[in-house]
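Structure first, commentary second.
The values are calculated or read from the model by the stated rules, or taken from the named source; none is laboratory data. Everything numeric here is computed off the predicted structure, so don't read it as measured data. Note: ideal-geometry Cβ built from the backbone for every residue, glycine included; neighbour counts use all protein chains shown.
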Amino acid sequence: MTRVSSPLPAEILSVSALARSVRELLEQRYPLLWVAGELSNCVRAKSGHLYFSLKDEMAQVRCVMFRSRGQNLDWEPREGLRVEVRALVTLYEARGDFQLNVESMRHAGQGALFEAFLKLRDKLDKEGLFDAARKKPLPLYPRRIGIVTSLQAAALRDVLTTLARRNPSIPVILYPAQVQGEGAAQQLAAALAAAARRNECDVLILCRGGGSIEDLWAFNDEGLARAIHACPIPVVTGIGHETDFTIAEFVADRRAATPTAAAELAAPARAELLVRIAAQRAVLIGRVARRIEDRMQQVDQLLRRMVHPGQRLQNQRDLLVQLAQRLRTGCARVLERERWRLLDLGQRQRAALPAVLEWKRRVAEAQARLALAWRNRRERAQAEIRALGAHLAHLDPRAVLHRGYSVIRDSSGAILRSAGTLAPGDVVDITFSQGGAESRIVRTRR
């Protein structure tokens, strides 16, 4: 063991130096170790760190589990749980508190097997293997029942005894497999696959007696769970005692508390079926009797309704005479109504004919007014055009040039309005009323 150097007797330490020395001593003396106890004063801070105390009957110690470690937990620590923590013994120098820095945590007394059980359970649950909607219903009247278990299992005797008691007429097919020890899970999965392939049974019972978690561990195998889920035949499990739970039971279509209960679920009771058949027979006999009575009453009614054929023909002749009379009366009434309707339409049509002469006179008057308006409009437009032409002639620049004026532009084509923009030697363009010329400036005046 590495020892921390001790200060000289005369040396005076500061509080922080003492705390640091003690922390180093604790961390070197106690590396990561497992500590068991009961959770107390659990508080999860806003930062995500978990603070709690671990205690037993004689002592307690403060603990901290930082967020980076706590987020790996797939369950929530709470008051009163017995747990096992893997921690580093240290000293929190700021307060001088002895504490454990927890790296991981698990339920106490169950160890690695229970940890693996919980992880597999949560994994398969997330995949939907436990969903009730995916579970297959059990047949009401199975023709054959299959049993997957060991030939030496006491549960096999219990199941066979229960099946013989409840319904000895149902054949039983055994698919033997090891239920404990090395390779048991693979044998169970192979037996389920064989039952599915042979397709001889309507329901399967997967069973074994009770035991420790180690004894039942074959039923917590992921491969077996997937084989149960893939099996097209409904699977009933009866594993261990009522308090035992395995992954296979979560995946199965029905779980029974014991192997005997599984047999009771799979096989209907013969006595109950006989009672049900007797009751249904009585109901059927009563219904048949009532149906016969109803038919007898219908026959009596039909006999009362029977009429001699001659009388029936006479009735039909009377009916035809009545219908012919009604047809003649109806036709005459319809023809009269249509004649009056045609007369009314003729009068309305004559009243609606237009006065052609009056409309011709109106059209002639409208044509005369339109011709007069067109001549007046044309004369006004011609007068406006002549006036606008005179105005344009006054504004025409060429008229100004005819009076002796000219337009001077510089080399860029801009009109020059002031001599101040010119310098001797500049070339300008002069436009007259007729033609133009280029000129060079000799002198400017201002």
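Table: residues versus (1) crowded, with 19+ Cβ neighbours inside 10 Å; (2) touching a Lys or Arg at 6+ places or on another chain (Cβ under 8 Å); (3) without any contact (Cβ under 8 Å) to a residue 60 or more places away in the chain; (4) part of a loop (DSSP other than H, G, I, E, B).
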{"position": "Cys207", "(1), (2), (3), (4)": "yes, no, no, no"}
{"position": "Asp215", "(1), (2), (3), (4)": "no, no, yes, yes"}
{"position": "Phe219", "(1), (2), (3), (4)": "yes, yes, yes, no"}
{"position": "Gly223", "(1), (2), (3), (4)": "no, no, yes, no"}
{"position": "Ile228", "(1), (2), (3), (4)": "yes, no, yes, no"}
{"position": "His241", "(1), (2), (3), (4)": "no, no, yes, yes"}
{"position": "Phe245", "(1), (2), (3), (4)": "no, no, yes, yes"}
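The condition of being over 14 Å from Ala248 (Cβ atoms) and in contact with a Ser or Thr (Cβ under 6 Å, 6 or more places away or on another chain) holds for only one of Asp131, Asp158, Asp202, Asp122, that being Asp158.
Checking each residue in region 68-100 for being in contact (Cβ under 8 Å) with a residue 12 or more places away in the chain and either basic (Lys, Arg) or in contact with a Pro (Cβ under 9 Å, 6 or more places away or on another chain) (or both) picks out Arg69, Gly70, Arg78, Arg82, Val83, Arg86, Leu88, Val89. Close contacts from region 40-62, counting a first residue that is in contact (Cβ under 8 Å) with a residue 40 or more places away in the chain and a second that is among the β-branched types (Val, Ile, Thr), with Cβ to Cβ under 6 Å and a gap of 6+ residues or different chains, come to Leu54/Val61.
Every condition in (1) surrounded by 13 or more Cβ atoms within 10 Å (Cβ to Cβ); (2) assigned to a helix (DSSP H, G or I); (3) at pLDDT 85 or above is met by Phe130 except one, and the failing one is (2). State whether the residues of region 273-283 include one that is surrounded by 10 or more Cβ atoms within 10 Å (Cβ to Cβ), touching a residue at least 60 places away in the same chain (Cβ under 8 Å) and not charged (D, E, K, R). Checking region 273-283: at least one residue is surrounded by 10 or more Cβ atoms within 10 Å (Cβ to Cβ), touching a residue at least 60 places away in the same chain (Cβ under 8 Å) and not charged (D, E, K, R).
Report whether or not Cys42 is in contact with a Pro (Cβ under 6 Å, 6 or more places away or on another chain), assigned by TED's automatic domain parsing to the domain that holds Tyr92 and surrounded by 12 or more Cβ atoms within 10 Å (Cβ to Cβ).
Considered against the rule, which asks whether it is in contact with a Pro (Cβ under 6 Å, 6 or more places away or on another chain), assigned by TED's automatic domain parsing to the domain that holds Tyr92 and surrounded by 12 or more Cβ atoms within 10 Å (Cβ to Cβ), Cys42 comes out as yes.
Conditions (1) surrounded by 15 or more Cβ atoms within 10 Å (Cβ to Cβ); (2) out of contact with any helix residue (DSSP H, G or I) (no Cβ under 6 Å at 6 or more places or on another chain); (3) not aromatic (Phe, Trp, Tyr), marked per residue:
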site	(1), (2), (3)
Tyr30	no, yes, no
Trp34	no, yes, no
Trp75	no, yes, no
Glu84	yes, yes, yes
Leu88	yes, yes, yes
Arg95	no, yes, yes
Ala108	yes, yes, yes
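Tell me, please, whether a residue that is loosely packed, with under 10 Cβ neighbours inside 10 Å and over 30 Å from Val442 (Cα atoms) can be found in region 394-410. For region 394-410, residues loosely packed, with under 10 Cβ neighbours inside 10 Å and over 30 Å from Val442 (Cα atoms): present. Note on region 252-272: residues that are assigned to a helix (DSSP H, G or I), out of contact with any Pro (no Cβ under 8 Å at 6 or more places or on another chain) and surrounded by 23 or more Cβ atoms within 10 Å (Cβ to Cβ) amount to 3.
What number of residues in region 200-244 are among the β-branched types (Val, Ile, Thr) and under 31 Å from the mean Cα position of the chain (by Cα)?
At the first step, the residues of region 200-244 found to be among the β-branched types (Val, Ile, Thr) are 203, 205, 213, 228, 233, 235-237, 239, 243.
So of that shortlist, the ones also under 31 Å from the mean Cα position of the chain (by Cα) come out as 228, 233, 235.
Going through region 200-244 one residue at a time, the tally reaches 3.
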